[in-house]
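See structure below.
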Amino acid sequence: MGNLNIPVYLDYSATTPVDERVAKAMMDCLTVQGNFGNPASRSHVFGWKAEDAVTEARANVAKLIGANPKEIVWTSGATEADNLAIKGAAHFNASKGKHIITVKTEHKAVLDTCRQLEREGFEVTYLDPEDNGLLDITKLADAIREDTTLVSVMHVNNEIGVIQDIAAIGALTRSKKILFHVDAAQSPGKVAIDVEAMNVDLMSLCAHKAYGPKGIGALYVRRKPRVRIEAQIHGGGHERGMRSGTLATHQIVGMGECFRLAHEEMEEENKRIEKMRDRLWDGLKDMEEVYLNGDLEQRIPGNMNISFNFVEGESLMMSLKDIAVSSGSACTSDSLEPSYVLRALGRNDELAHSSLRFTLGRFSTMEEVDFTVKEVRKAVEHLRNLSPLWDMHKDGIDLDTVQWAAH
Amino acid sequence: MAYSDKVIDHYENPRNVGKLDADNANVGTGMVGAPACGDVMRLQIQVDANGVIEDAKFKTYGCGSAIASSSLVTEMVKGKTLDEAAAIKNMEIVEELALPPVKIHCSVLAEDAIAAAIADIRQKQGKAESAA
Ligand SMILES: Cc1ncc(COP(=O)(O)O)c(C=O)c1O
């Protein structure tokens, strides 16, 4: 700590490195000297030991979200948990109704799962968030119908870091007796979670955004009142029939350990990260035509999503070759659309194409933040010198009045 | 995605960045693309008394490949007649910069920019002739 590591990693919302302490715990579950048994083996000590490790991990995951360990179902990650929750709940309740409500800024793991259900004959309402990325609860209330069986709203948005008011939504869905699913992949260690206080019925989690390994996650499934879902993967009946497959002890232990650490260190860590985040924003916000995307207050400490108007995001990333960030610009993906999340906030195309996401984390340093500020300012200046849009802006031309030859 | 050395070179040291006087009768301006699509190119050419392109300037909003394509084009058109410049094909840009398939649209845009700049200058010259 306290130094500059090049290339600088500022993409903690994409994934995090595994904490050394987590890696150590995982490595103890692999080799012949270690805890390698199958947790489902009931007939010998190898199985029992592995089961004990899984039980401890389950308790650690449950504790961080205020759940009972029996309510945790292991999955391969948040994508699978989202699929299991949404398809599982929709299918199980199909005789009651076939209407689902979600939000346009959800992760693709939710949106694409909903699209699949639409192909199967379900109806899905995709709500628009407000300009700050937050959902207006009265719009959700208005969208609820007789045949609505499930509402799915994410806790922390992966692109803009805003935190939805899950407790308010949970109070509404509970009063209407509608199931409530929350994608909380980005939440552990960033913001407190209490499934009881929030009235959440199903919650998707993963380890690799919280200093644990990739390829492991969990779905919280409420027991009281009991939430029933249809399994999506069938087999040996593991996880009370909800998700078959031999439990990956080392992965599970890794997730348990990183959630335990999150519980212990979260408060301290967030204070430190928030200081760095503020320094980053203070270093950039005085530039001309710079916009923060998403609410500044209702936001996790580590996220800054900023649009540098009249500069295209991918070329900006190319300038920042010693800094790992991500961009909401189209060119980074196969689709030609700029970030659908920023578009859903009502940002125009220029601003959506001009955005960068900086996400700070456990191993970020002030020196890295200062270096980033310096590099970003230099790059934006270089690219604005090259930008015809910047010229036009400086000449006082309103770009919205220009007739573009779209291609 | 990895960029070719030539794209990086044009991106880091863009050639002929700038602006010519769009009202000058010998200057043609081509502006193509749209902010909504993530790239806008402005290419300007200036012809001498013999109709040969003596200067070219560009500014581009877009990804690195779009910037490199337009920078390259300013070099390619200089010293050419309008007809010669009009014959430049996007695949020449693709080959020179080793653009990957997902970036071919950048070279197409650069070809369009040349065509638009030439059309502008021809229109101006046509007007000048009919006025004479
Ligand atoms: C909000 C959100 N949901 C779901 C996922 C998918 O998680 P996983 O990679 O564990 O499948 C991610 C991460 O990419 C995410 O940020």
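The values are calculated or read from the model by the stated rules, or taken from the named source; none is laboratory data. Predicted, not measured: the structure shown is a model, and the values here were computed from it. Positions of Cβ are generated from backbone atoms using ideal geometry, with glycine treated the same way; all protein chains shown enter the neighbour counts. Areas reflect the complete protein model, heavy atoms only, side chains present, ligands, DNA and RNA absent. Shrake-Rupley method; radii C 1.70, N 1.55, O 1.52, S 1.80 Å.
Points worth noting:
- Residues that are part of a strand (DSSP E or B) and within 14 Å of another protein chain (Cβ to nearest Cβ) were ranked within the stretch B:47-102; the one that is surrounded by the fewest Cβ atoms within 10 Å (Cβ to Cβ) is B:Lys57.
- Flag if A:Asp391 is within 14 Å of chain B (Cβ to nearest Cβ) and either part of a loop (DSSP other than H, G, I, E, B) or under 30 Å from B:Thr29 (Cα atoms) (or both): yes
- Here the stretch B:24-46 is the region considered, the condition is being in contact with a Pro (Cβ under 8 Å, 6 or more places away or on another chain) and in a strand (DSSP E or B), and the residue that is most open to solvent (accessible area, probe 1.4 Å) is B:Met31.
- Against the numbered list (1) within 14 Å of chain B (Cβ to nearest Cβ); (2) buried (at least 16 other Cβ atoms within 10 Å of the Cβ); (3) of a type outside the set (D, E, K, R); (4) over 22 Å from A:Gln186 (Cα atoms), A:Asn385 comes up short only at (2).
- A Cβ distance below 9 Å, combined with a sequence gap of six or more or placement on separate chains, defines the contacts here; from the stretch A:204-229, residues that are closer than 19 Å to A:His107 by Cβ and basic (Lys, Arg) reach residues that are in a loop (DSSP other than H, G, I, E, B) and more than 10 Å from the ligand (Cβ to nearest atom) in the pairs A:Lys209/A:Tyr12; A:Lys209/A:Thr16; A:Lys209/A:Pro188; A:Lys209/A:Gly189; A:Lys209/A:Lys190; A:Lys214/A:Val18.
- Only one of the numbered conditions (1) out of contact with any His (no Cβ under 7 Å at 6 or more places or on another chain); (2) more than 16 Å from the ligand (Cβ to nearest atom) is not met by A:Met255, and that is (2).
- Considered as a group, the residues in the stretch A:4-21 that are among the charged types (D, E, K, R) and touching a residue at least 40 places away in the same chain (Cβ under 8 Å) include one that is nearest to the ligand (Cβ to nearest atom), and that residue is A:Asp11.
- As a summary of the residue check, A:Lys108 satisfies the conditions (1) under 22 Å from A:Pro225 (Cα atoms); (2) open to solvent by 10 Å² or more (accessible area, probe 1.4 Å); (3) within 15 Å of the ligand (Cβ to nearest atom) except for the one numbered (1).
- Odd one out for A:His407, checked against (1) facing another protein chain (nearest Cβ under 9 Å); (2) modelled with pLDDT of 95 or more; (3) in a loop (DSSP other than H, G, I, E, B): (2)
- Restricting the stretch A:68-84 to residues that are more than 9 Å from the ligand (Cβ to nearest atom) and among the aliphatic types (A, V, I, L, M), the residue that is nearest to A:Ala141 (Cα to Cα) is A:Leu84.
- Test: residue in the stretch A:25-32 that is in contact with a Ser or Thr (Cβ under 9 Å, 6 or more places away or on another chain), modelled with pLDDT of 95 or more, of a type in the set (A, V, I, L, M) and not in a helix (DSSP H, G or I): yes
- Selected residue [of a type outside the set (S, T, N, Q) and either in a loop (DSSP other than H, G, I, E, B) or surrounded by fewer than 20 Cβ atoms within 10 Å (Cβ to Cβ) (or both)] from A:Gly237, A:Gly254: A:Gly237
- Comparison of A:Leu134, A:Leu117, A:Leu140 shows that the only residue that is of a type in the set (A, V, I, L, M, F, W, C), within 16 Å of the ligand (Cβ to nearest atom) and either more than 14 Å from every other protein chain (Cβ to nearest Cβ) or part of a helix (DSSP H, G or I) (or both) is A:Leu134.
- Positions within the stretch A:170-186 being out of contact with any helix residue (DSSP H, G or I) (no Cβ under 7 Å at 6 or more places or on another chain) and more than 16 Å from the ligand (Cβ to nearest atom), in sequence order: A:Gly170, A:Ala171, A:Thr173, A:Arg174, A:Ser175, A:Lys176, A:Lys177, A:Ile178
Each row is one residue, and each column tells you yes or no for (1) within 30 Å of A:Asp136 (Cβ to Cβ); (2) open to solvent by 10 Å² or more (accessible area, probe 1.4 Å); (3) part of a helix (DSSP H, G or I).
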position	(1), (2), (3)
A:Pro17	no, yes, no
A:Arg21	no, yes, yes
A:Ser43	no, yes, no
A:Ala50	no, no, yes
A:Ala57	no, no, yes
A:Ile86	yes, no, yes
A:Thr102	yes, no, no
